[in-house]
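The values are calculated or read from the model by the stated rules, or taken from the named source; none is laboratory data. All of these numbers come straight from a predicted model, not from anything done at the bench. Reconstructed Cβ throughout: ideal geometry from the backbone, glycine too, with neighbour counts over all protein chains shown. With ligands, DNA and RNA removed, areas are computed over all heavy atoms of the protein, side chains included. Shrake-Rupley method; radii C 1.70, N 1.55, O 1.52, S 1.80 Å.
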Amino acid sequence: MDHPDLNPEIINEFRKGDPQAFSSFFHLHYRPLCYFATQMLNNQQDGEDIVKDTFVKLWQKHTDFDTPQNIKAFLYITTRNACLNFLRHIQVKESSRKELMYIEESKGDELVLNQMIRAELMQEIYSEIEKLPERRRDVFKMAYLDGLKNEEIAQQMNISIHTVKEHKGKALYSLRLRFSDKQIVLFIMLFAQCLELIDKN
């Protein structure tokens, strides 16, 4: 998946060790990588720690990359391998041993690819939500990500229920210009799963 917003010269700046270029790649890939690692480990904190280590390794090798796609591939492969190594170290636990066996089966690569695609989809939709007008964005998050009812949103924001419905409709319309209903529903479901993991940890 290409990212046209990146400065065409960013790879040269990155190879020269420019912190701003590194920051651009960090902000682009950090959130989806954390989701990716968390899904593999079923633990948010461990996933975030692995992703941070991955970015340290990326910076240490900053002269080795020719394209943004090379950087993206390195980040996902390094994170995946680190997650597998982590699971090996804790495989004394039966659940971890089973998860490792499943990931390393013939379908393991397909599983990782699907998780990678989902991570990027989450990042794209979340970015679009952040671009919505402030009140519309807040209503959407409260309704679909926090699970609040129209009456609760209206009370918290001191607006009418009709206005809440209007904001929700306009927010969904904006998202549907870029994403299918299936993708939006998948995002909401995956976001809810992430919140469950956070609550458990």
Peptide ranges 176-185, 45-54, 122-131 listed from the most packed, as the mean C-beta count within 10 angstrom indicates: 45-54, 122-131, 176-185
Above-threshold pairs, the threshold being 32 Å between Cα atoms, out of K52/K131; K72/K182; K72/K170; K131/K182; K52/K165: K72/K170; K52/K165
Accessible area of R135 in the full protein assembly, 1.4 Å probe (Å², nearest 10): 120
